[in-house]
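The values are calculated or read from the model by the stated rules, or taken from the named source; none is laboratory data. Computed from a predicted model, the values in this text were never measured in an experiment. Using ideal geometry, Cβ is built from the backbone for each residue, glycine included, and neighbour counts are taken over all protein chains shown. When the accessible area is computed, the model is the full protein with side chains, heavy atoms only, and any ligands, DNA or RNA have been set aside. Shrake-Rupley method; radii C 1.70, N 1.55, O 1.52, S 1.80 Å.
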Amino acid sequence: MTNAEPLHRVLGLTDEEAAKIESILGRRPNHLELAMYSVMWSEHCSYKSSKIHLRRLPSDGPHVLVGPGENAGVIDVGDGIAVAIRIESHNHPSAIEPYQGAATGVGGILRDIFTMGARPICLGDSLWFGSPDSPRARWITDGVISGISGYGNAVGVPTLCGETNFDSAYEGNPLVNVMCIGVLPTERLVLARATGTGNLAVLLGSTTGRDGIGGVSVLASAPLEDDDESAQKRPSVQVGDPFEEKRLIEACLELLDAGVVVGIQDLGGAGLTCATSETASRGGVGMDVDVSKVHLRQSGLEPFEVMISESQERMLAIITPDALNKLAEICNKWEVSYSVVGRVVPGNALRVTGPDGEVLAELPASSLADDAPVYNREIQVPAWYEARNFELGSRAPGVGDLGKEWLELMGLPGTGDKSWVYSQYDHQLFLNTVVGPGGDATVLKLKAPGLPKTDKGLAVSIDGNSRWCSLNPRLGAKLVVAESVLNLACAGATPKALVNCLNFGNPENPEVMWQLSETVDGLAEICNALKLPVVGGNVSLYNQSGTTDIPPTPVVATVGLINKLTHRPPGIGLVEGSTLYLLGNYDANVSGSRWAIDLHDYRGGALSEISLPAFSALAELVISLVRQRLVVSIHDISDGGMVTALSEMAIAGGVGFSIGGIQDSAELFSEGPGRVLIGILPQSSQSVVRMAGDLAVPVRELGYCEGDRLAIGGLMNISLGSVAEIWTRPS
Amino acid sequence: MQISVGVVVFPGSNCEYDVCEALELVGAIPRLVWHNESNLGDVRGLVIPGGFAHGDYLRPGAIAKFSRVMEAVIKFAKDGRPVLGICNGFQILTEAGLLPGALQKNAGLRFICRPELVSISTRDCVITSELAVGSMLSLPINHFEGNYTCDKATLDELLQDDRVVMRYEHNPNGSIDSIAAIANQSKNVVGMMPHPERACDDLLGSTHGLPIFRSLLEAAK
């Protein structure tokens, strides 16, 4: 930064945005006011580039209690229980300070959940790193995983699902998307609203310091520059304290149970500015905030620093004045600091005052929260897109030595066993984990202290696939959702809600905006068809290293409901003596597959289309088969094709197979959508075939599960041991 | 007769409800005891559950030992009543001097959460009376600092007095002599790193932890 640069530009505001602020206020803003606008109008907080697209996503449903726009989406699952879900990115902080970036990502998503009155019971993550061969990517990978482990385990919320991907496209700009699910008795649902003139705004939790100043604007809403500049941004990464957060969770839930709180909001990006302006704006009131009352970590903080600091582990509670004693009692029990920093007032102004009552800033609360500019950025279809669309996979490579390529694929870091990642996360706390990480979907009991008793269970899946989305962002997004829904189905769960995290490059690049727009259309199309409401989301833009944008990487988390969770779902492991069947269409298209790209560097072709009615029928069939306990093993085919699915099934069950009827070995590597492998005992086969017929789902017998070899007709015969060995070998 | 068993809760503890659930399954009446209490009331046994008491600041258990409740816990133990420390609870018992040795960082310097096979080394303590010596259990571990260590003299004493309660089949963390659980001299205080409460439900995959809670309840009678 140079002295000649005007202040608004240093803070990340454009000249037009500065002019708009001046017209809202009818005067020039002072430094504090400008700082407040700069964080609230940042891409990260305001979604100014994506807003006009996100409106196309369906968010309604009879069971949706809270849709997008609040801290978390909330659905009613019956029996007096509601489920809150939210996903968010912490990409840039994790690029710069991997441990703290990931740790504070976890802390932030937890606060979004317990803000709603929900107890967090499940964390998940979608991680995208550069190649493990790169020392820098390794440093980021280890730091991020340690950060999630260090924070998540200590805060006492299990990390139950996720995915870890490696691709050199994320070398300088990793993606760290964290998801959290919470549960609450439906009547405890609270919203982040300030109401009731004279009510108090109380800041709870950690002291406020200089960490994270401008995190949302300078760091999250601009490209990461070269290393020297990254280093200069380092003070903007916050530092997490899981013990503070643990006490804050317990204190806030106890405050809510005691009925002390009118409204509550966490302090995340844009800190106190965001929490005060959003609660006031949503409640249609004004708020007076006295910065001198905020409990500080260090002396000498400027008012603008207090107002935009992103110090972690803080909440803003709106309470009636007579509830202050009760609040004090609960906070003292949990050793949580608090200070009364503001008061709800009539009107719509957010007024910041100093120690002597002098007014330091005064602006319409809603102008910060809701009046950020909305950009309809230029969209351009890339020239290559149309051309590649007509290739239909004709240039795709052929399969050579099947056994050799099979082992090569299973040895790739992206395909390999991920237990080295998830064994670092507590994935059993709360005794809800029926199926933990490593399978299709995580399955958990719906149980928490204070929650009504129920037999119902939840299934959760987090999915992304940038290889598919690079080839065709619209279709790729549909396939990602389909995979996620199929994962739930394999656990016998009906999909109930979806949240997404849209990770893209620089929105000022019209081709990136095309990717974003296409992705939203794809998501909307499949979610409409499946009647799956999108109850929340997050958009992370400016993900690029140097001038290279990351591939389009939408990540979705879906949550499904199991009506009676009284038995463990079949799981993926093969069972000796069972017969293997394939449900779904024949597909030998290898476009966008891991095999084509990672082993053959073939990046062209067109993805196979997905027929949504046929897919719905398949999902329905799978759910019925699992619920009626007609299958003994089940696994959907996705990343890594049938090769990966069959290998994982054999390794998990410790049983090999002998199958036939594969006309083209490309079918084994294809990642074509809507295909599921099932293992059936002889007595169930008639029912299964009949039920598939009733729903017009193609079903094909492949062969038997037996022995310790993986044998495919005359094409291949390798030992299960050799596959297991290469799959578990550390990358 | 209904036996009430206390579960001590520090700020940062997180397995307290899980332990309560397991205690209820074997017929005990669990009662949460807040770390600031000085009176244990009518409880006849105690569990110090896992978690991160006081954030594990300084060292796991190092601050917890100064909580007011610990005076009562020490007296309870000296009176011969059964006390079980699980994971962080084990760490707290060593810091409080109720058990010898210490738990250091895992040899691999990584947090580990996974089931481990453990073998029962003695029946002569408050958590294994319902089990046979040599029987194998699959119990989840979940720790960063579970590497049990002590000096040679202490180890000799533990071995001589039959106070090693459980050993890992495949030592996951570098513990001396593969130790997963030990008892005090009177065999009424036991610390174990594995989490038996996480193995009490078929739906979750294992019920190997139930005999441990049954034994504890028996000792509390």
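Looking at (1) in a helix (DSSP H, G or I); (2) under 13 Å from residue B:116 (Cα atoms), which is the one condition that is false for residue B:219?
(2)
Report, ordered by the first and then the second residue, all pairs with beta carbons closer than 6 Å, sequence separation of six or more or different chains, a first member in region B:22-49 that is within 15 Å of residue B:210 (Cα to Cα) and of a type outside the set (D, E, K, R), and a second member that is open to solvent by less than 70 Å² (accessible area, probe 1.4 Å) and assigned to a loop (DSSP other than H, G, I, E, B).
B:22/B:200; B:25/B:200; B:28/B:3
With respect to residue A:473, is the statement that it is away from chain B (no Cβ under 14 Å), in contact with a helix residue (DSSP H, G or I) (Cβ under 6 Å, 6 or more places away or on another chain) and touching a residue at least 12 places away in the same chain (Cβ under 8 Å) true?
Considered against the rule, which asks whether it is away from chain B (no Cβ under 14 Å), in contact with a helix residue (DSSP H, G or I) (Cβ under 6 Å, 6 or more places away or on another chain) and touching a residue at least 12 places away in the same chain (Cβ under 8 Å), residue A:473 comes out as yes.
Open to solvent by 20 Å² or more (accessible area, probe 1.4 Å) and within 14 Å of chain B (Cβ to nearest Cβ): does that describe residue A:244?
It is true that residue A:244 is open to solvent by 20 Å² or more (accessible area, probe 1.4 Å) and within 14 Å of chain B (Cβ to nearest Cβ).
The rows are residues; the columns are (1) within 16 Å of residue A:180 (Cα to Cα); (2) hydrophobic (A, V, I, L, M, F, W, C); (3) surrounded by fewer than 20 Cβ atoms within 10 Å (Cβ to Cβ).
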residue: A:67; (1), (2), (3): yes, no, yes
residue: A:71; (1), (2), (3): yes, no, no
residue: A:76; (1), (2), (3): no, no, yes
residue: A:85; (1), (2), (3): yes, yes, no
residue: A:89; (1), (2), (3): yes, no, no
residue: A:101; (1), (2), (3): no, no, no
residue: A:107; (1), (2), (3): yes, no, no
residue: A:124; (1), (2), (3): yes, no, no
residue: A:130; (1), (2), (3): no, no, no
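Scan region A:441-488 residue by residue and report those that are among the hydrophobic types (A, V, I, L, M, F, W, C), touching a Pro at 6+ places or on another chain (Cβ under 8 Å) and part of a helix (DSSP H, G or I).
Answer for region A:441-488, where residues must be among the hydrophobic types (A, V, I, L, M, F, W, C), touching a Pro at 6+ places or on another chain (Cβ under 8 Å) and part of a helix (DSSP H, G or I): A:469, A:477, A:479, A:480, A:482, A:485, A:488.
Return a yes/no flag: does region A:518-538 have any residue that is surrounded by fewer than 24 Cβ atoms within 10 Å (Cβ to Cβ) and among the hydroxyl-bearing types (Ser, Thr, Tyr).
Taking every residue of region A:518-538 in turn, none turns out to be surrounded by fewer than 24 Cβ atoms within 10 Å (Cβ to Cβ) and among the hydroxyl-bearing types (Ser, Thr, Tyr).
Would you please name the residue that is surrounded by the fewest Cβ atoms within 10 Å (Cβ to Cβ), looking only at residues in region A:299-329 that are of a type in the set (S, T, N, Q) and within 19 Å of residue A:104 (Cβ to Cβ)?
A:311
For a quick check of your reading: which helices (runs of 4 or more DSSP H) sit entirely within region A:1-64 and have at least 2 residues that are buried (at least 19 other Cβ atoms within 10 Å of the Cβ) and of a type in the set (Gly, Ala, Ser)?
Where helices (runs of 4 or more DSSP H) fall fully within region A:1-64 and carry at least 2 residues being buried (at least 19 other Cβ atoms within 10 Å of the Cβ) and of a type in the set (Gly, Ala, Ser), they are A:31-40.
So, of the residues in region B:1-13 that are assigned to a loop (DSSP other than H, G, I, E, B) and out of contact with any helix residue (DSSP H, G or I) (no Cβ under 6 Å at 6 or more places or on another chain), which turns out to be most open to solvent (accessible area, probe 1.4 Å)?
The qualifying residue most open to solvent (accessible area, probe 1.4 Å) is B:1.
Kindly indicate which of A:96, A:145, A:140 is open to solvent by less than 10 Å² (accessible area, probe 1.4 Å) and either aromatic (Phe, Trp, Tyr) or in contact with a strand residue (DSSP E or B) (Cβ under 7 Å, 6 or more places away or on another chain) (or both).
Result of the check over A:96, A:145, A:140: A:140.
Has region A:25-37 got any residue that is at pLDDT 95 or above, under 18 Å from residue A:191 (Cβ atoms) and over 20 Å from the mean Cα position of the chain (by Cα)?
no
Does at least one position in region A:685-692 carry a residue that is under 34 Å from the mean Cα position of the chain (by Cα) and open to solvent by less than 30 Å² (accessible area, probe 1.4 Å)?
There is at least one residue in region A:685-692 that is under 34 Å from the mean Cα position of the chain (by Cα) and open to solvent by less than 30 Å² (accessible area, probe 1.4 Å).
Which of (1) facing another protein chain (nearest Cβ under 10 Å); (2) surrounded by fewer than 24 Cβ atoms within 10 Å (Cβ to Cβ); (3) in a loop (DSSP other than H, G, I, E, B) does residue A:434 not meet, given it meets every other one?
Going through (1) facing another protein chain (nearest Cβ under 10 Å); (2) surrounded by fewer than 24 Cβ atoms within 10 Å (Cβ to Cβ); (3) in a loop (DSSP other than H, G, I, E, B) one by one, residue A:434 breaks only (3).
Output the residues belonging to region A:440-462 that are buried (at least 24 other Cβ atoms within 10 Å of the Cβ), charged (D, E, K, R) and modelled with pLDDT of 95 or more.
none
For region B:184-216, how many residues meet the condition of being in contact with a Leu (Cβ under 8 Å, 6 or more places away or on another chain), away from chain A (no Cβ under 14 Å) and outside any loop (DSSP other than H, G, I, E, B)?
8
Residues B:170, B:143: which one is of a type outside the set (Asp, Glu) and open to solvent by 20 Å² or more (accessible area, probe 1.4 Å)?
Answer to the selection: B:170.
Please pick out the residue among A:566, A:579 that is within 14 Å of another protein chain (Cβ to nearest Cβ), in contact with an Asp or Glu (Cβ under 8 Å, 6 or more places away or on another chain) and surrounded by fewer than 22 Cβ atoms within 10 Å (Cβ to Cβ).
Values: A:579 fails: within 14 Å of another protein chain (Cβ to nearest Cβ).
On inspection, the qualifying residue turns out to be A:566.
Suppose we keep only residues that are facing chain A (nearest Cβ under 10 Å), buried (at least 19 other Cβ atoms within 10 Å of the Cβ) and part of a loop (DSSP other than H, G, I, E, B) within region B:21-55. Which one would you say is nearest to the chain's Cα centre (by Cα)?
Top of the filtered list is B:50.
Taking residue A:596 as the residue in question, decide whether it is buried (at least 22 other Cβ atoms within 10 Å of the Cβ), modelled with pLDDT under 95, out of contact with any His (no Cβ under 8 Å at 6 or more places or on another chain) and not in a strand (DSSP E or B).
Working: buried (at least 22 other Cβ atoms within 10 Å of the Cβ): yes; modelled with pLDDT under 95: yes; out of contact with any His (no Cβ under 8 Å at 6 or more places or on another chain): yes; not in a strand (DSSP E or B): yes.
Judged against the criteria, residue A:596 is a match.
Consider only pairs whose beta carbons are under 6 Å apart and that are at least six residues apart or on different chains; among these, list those whose first residue lies in region A:125-145 and is among the small types (Gly, Ala, Ser) and whose second residue is in a strand (DSSP E or B).
The qualifying pairs are A:126/A:163; A:126/A:177; A:126/A:462; A:126/A:464; A:126/A:555; A:131/A:166; A:137/A:129.
Across region B:56-74, which residue is nearest to the other protein chains (Cβ to nearest Cβ) among those that are buried (at least 21 other Cβ atoms within 10 Å of the Cβ) and in contact with an Asp or Glu (Cβ under 9 Å, 6 or more places away or on another chain)?
B:56
Within region B:77-121, track down each residue that is within 14 Å of another protein chain (Cβ to nearest Cβ), in contact (Cβ under 8 Å) with a residue 60 or more places away in the chain and more than 19 Å from residue B:198 (Cα to Cα).
B:106, B:108
Which of the numbered conditions does residue A:115 fail, given that it passes all the others? Conditions: (1) open to solvent by 10 Å² or more (accessible area, probe 1.4 Å); (2) polar (S, T, N, Q); (3) within 17 Å of residue A:246 (Cβ to Cβ).
(1)
If residue B:163 passes every condition in (1) surrounded by fewer than 23 Cβ atoms within 10 Å (Cβ to Cβ); (2) away from chain A (no Cβ under 11 Å) but one, which one does it miss?
Of (1) surrounded by fewer than 23 Cβ atoms within 10 Å (Cβ to Cβ); (2) away from chain A (no Cβ under 11 Å), only one is false for residue B:163: (1).
Of (1) within 14 Å of chain B (Cβ to nearest Cβ); (2) touching a residue at least 40 places away in the same chain (Cβ under 8 Å); (3) surrounded by fewer than 14 Cβ atoms within 10 Å (Cβ to Cβ), residue A:332 satisfies all except one. Which?
(2)
Only one of these conditions is not met by residue A:58: (1) closer than 30 Å to residue A:6 by Cα; (2) in contact with a Lys or Arg (Cβ under 9 Å, 6 or more places away or on another chain). Which number is it?
Exception for residue A:58: condition (1).
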